[in-house]
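Everything below concerns the one structure shown next.
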Amino acid sequence: MPKTPFLAACEKTIGTDAVLKDPQLMMPYLTDVRKRFTGRAMAVLFPKSTQEVSQLMRLCTQYRVNVVPQGGNTGTVLGSVPDKTGHAVVISLKRMNHILGVDPENLTMTVEAGCILDHVRATARDAGRLFPLSLASSGSCMIGGNLAANAGGTAVLRYGTARDLCLGLQAVLPDGAVYDGLYRLRKNNTGYDLKDLFIGSEGTLGIITAAVLKLFPLPKGRQTAFVALQSPDDALRLLNLAQGMAQDLLTTYELISSVSLGVVLAHFPDLKSPLPEKAPYYVLMELSGTQQVQDMQEALEAILGAAFDEGIVIDAAIAQSEAQAQHFWALRENIAEGQARSGKNIKHDISVPVSQIPRFMAVTDQLLQDAFPGCRMTVFGHLGDGSLHYNVGAPPGITDDAFLQRQDAVNQVVYDSVARFHGAISAEHGLGALKHDKNAHYKGNVEMDLMRRIKGAIDPLGIMNPGKVLP
Ligand SMILES: Cc1cc2nc3c(=O)[nH]c(=O)nc-3n(C[C@H](O)[C@H](O)[C@H](O)COP(=O)(O)OP(=O)(O)OC[C@H]3O[C@@H](n4cnc5c(N)ncnc54)[C@H](O)[C@@H]3O)c2cc1C
């Protein structure tokens, strides 16, 4: 068996303390964040440098060992954990956690892949700059994982996804070659954009070891409002109005259905609705920028005033303090947890063109009611980006577990509808080992063929995160 000489070679290369083989100690690296699945691996490896990653990849190629790259292991689609065969190693980037340089005048920052997102954000802030990627998992996810998953979050409307926030990348290929593209340039028209191949590839092409990130001037403040509306149509009208009036001051625009707010209020007694009356839908919207806070406040008041005049909103509250703004945010950020405490759901993380969101919701809600009468919808998400958490719960009288047995049928209704609206079956969380087969069904043959050819060209032995992204 090649395993023992392989692990001996790994230990010789990166040291015995950097090769974890104890099955008990390996468990956190083999189990997904939602504790639904535990895989098996020969070892978890902890390289300290790009050179060590390169040497390990050469060994993996030589011994034909599969590789699962791992950052903070917060991914929700089983992309960061190995399968049950035991033929893989996990390569954890956690020891490669150095900030390599901050260039405030160039508005860039160069970091190793294992830097935790909160650390990156804090380092930028210390330099008087903003790194805007913002996720609820930011205390443990790592920048390499953010890029490999092309993470989104709550500021995409203004700043884009992880892909938009990356200028340069370093990655180690399966044969150990190092692609050194740590450019700090905003313009670079010298051929194919190779970094974009690795961003969003979920570890199936190589290991991201470092990146150049885009920074922005630090906003002076933010103005946050919690708005009640009658319908998703009105939410879209308010979005268009706000974009027209505030332009790029509009940083966040999150839709919250009354059911979504209800699960938070039911399970977090300290959190109260900022508005006296219930409404079918709410929006959490935020302006931020380098303008004076007073100017932003006036801009927000002007938007809401115009929205009242046009009959778009029912009611609205503007946060009067930072504490109140945080309270508004807690209502949004605790929906997933409130929902988990209320029972199990069949979850979807989908996107359609922003303009189509109201129609998509109306059509798909009806299709689901026709197929599963009484099913309970919990819908919330980044309306400003056209992406929704579109979750389906069991109808009354049916247990959650019995309803979960119908997951494939529910998924098909939702994904077929997404396809009709020219959307994507994953907006943020990726495909991993959970949605790769469905993706192949909905993407065109040419698109799938191109993806397979790219995979084959870079990873001809198929050792990089097999069973993820491509079926
Ligand atoms: C509470 C919570 C909130 C979340 N909110 C959001 C959200 O708002 N938006 C969003 O987009 N996601 C969200 N996520 C999902 C997840 O946090 C993100 O996808 C995050 O970017 C993953 O980073 P990570 O370091 O944990 O990566 P991991 O989970 O370790 O890995 C994710 C994928 O990337 C690959 N990978 C990891 N590191 C590397 C590397 N260095 N090189 C190559 N491949 C690599 C893995 O093999 C895997 O396929 C959330 C998750 C949780 C638990």
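Remark: the stretch 317-471 carries a charge dipole of roughly 260 debye about the Cα centre, counting +1 on each Lys and Arg Cβ and -1 on each Asp and Glu Cβ. 3J(HN,Hα) along the stretch 364-378: 6, 3, 5, 4, 5, 5, 5, 7, 9, x, x, 4, 9, 9, 10 Hz, from the Karplus curve 6.51 cos²θ - 1.76 cosθ + 1.60 with θ = phi - 60°, whole Hz, x for Gly and Pro. Look at the alpha carbon pairs under 8 Å that are at least 6 residues apart: their mean separation over the length of the stretch 99-217 gives a relative contact order of 33 percent.
So if we plug the beta-carbon distance of Thr190 and Gln292 into 1/(1 + (r/R0)^6) with R0 = 30 Å, what FRET efficiency do we get, rounded to 0.05? Step by step, r from the Cβ atoms, then E = 0.15.
Note on Leu255, Leu470: ascending count of other Cβ atoms within 10 Å places them as Leu470, Leu255, the fewest first. Radius of gyration over Kirkwood radius for the stretch 347-465, both on Cα atoms: the Rg/Rh ratio is 1.03. Charging the Cβ of each Asp and Glu at -1 and of each Lys and Arg at +1, and nothing else, the dipole of the stretch 70-124 about its Cα centre rounds to 280 debye. First obtain the Kirkwood hydrodynamic radius of the stretch 3-92 from its Cα pairs, then insert it into the Stokes-Einstein equation at 4 °C and 1.567 mPa s, and state the resulting D in µm² per second as a whole number. For the chosen part, D equals 100 µm²/s. Extension gain, Asp437-Tyr183: 0.36 nm per intervening residue step, less the Cα-Cα distance, totals 87.9 nm.
This ranking places Glu333, Glu202 by how few other beta-carbon atoms lie within 10 Å of each, fewest first, which gives Glu333, Glu202.
For the stretch 209-234, backbone nitrogen atoms closer than 16 Å to the point 7 Å from Gln320 Cα along Cα-to-C-beta are found at 224-226. Only one residue of Cys141, Tyr29, Leu130 has its Cα farthest out toward the positive end of the dipole of the chain, where Lys and Arg carry +1 and Asp and Glu -1 on Cβ, and that residue is Tyr29.
Note on the stretch 221-336: Cα-only Rg and Dmax are 13.4, 38 Å. Dividing the mean sequence gap of close Cα pairs (under 8 Å, 6+ apart) by how many residues the stretch 62-155 holds gives a relative contact order of 26 percent.
Taking the centroid of alpha carbons for each part, the stretch 392-420 and the stretch 22-100 are 33 Å apart.
Considering all different alpha carbon pairs of the chain, the Kirkwood hydrodynamic radius works out to 23.5 Å. The local environment of Asn189, defined by Cβ-Cβ distances under 15 Å, has a net charge of +1 under the rule Lys, Arg +1 and Asp, Glu -1.
Taking the fewest neighbouring Cβ atoms within 10 Å as the starting point, the ordered list for Met296, Met464 is Met296, Met464.
Bear in mind that the values in this text are calculations on the coordinates, not laboratory data. Predicted, not measured: the structure shown is a model, and the values here were computed from it. Neighbour counts are summed over all protein chains in view; Cβ atoms, including those assigned to glycine, are modelled from backbone coordinates with ideal geometry.
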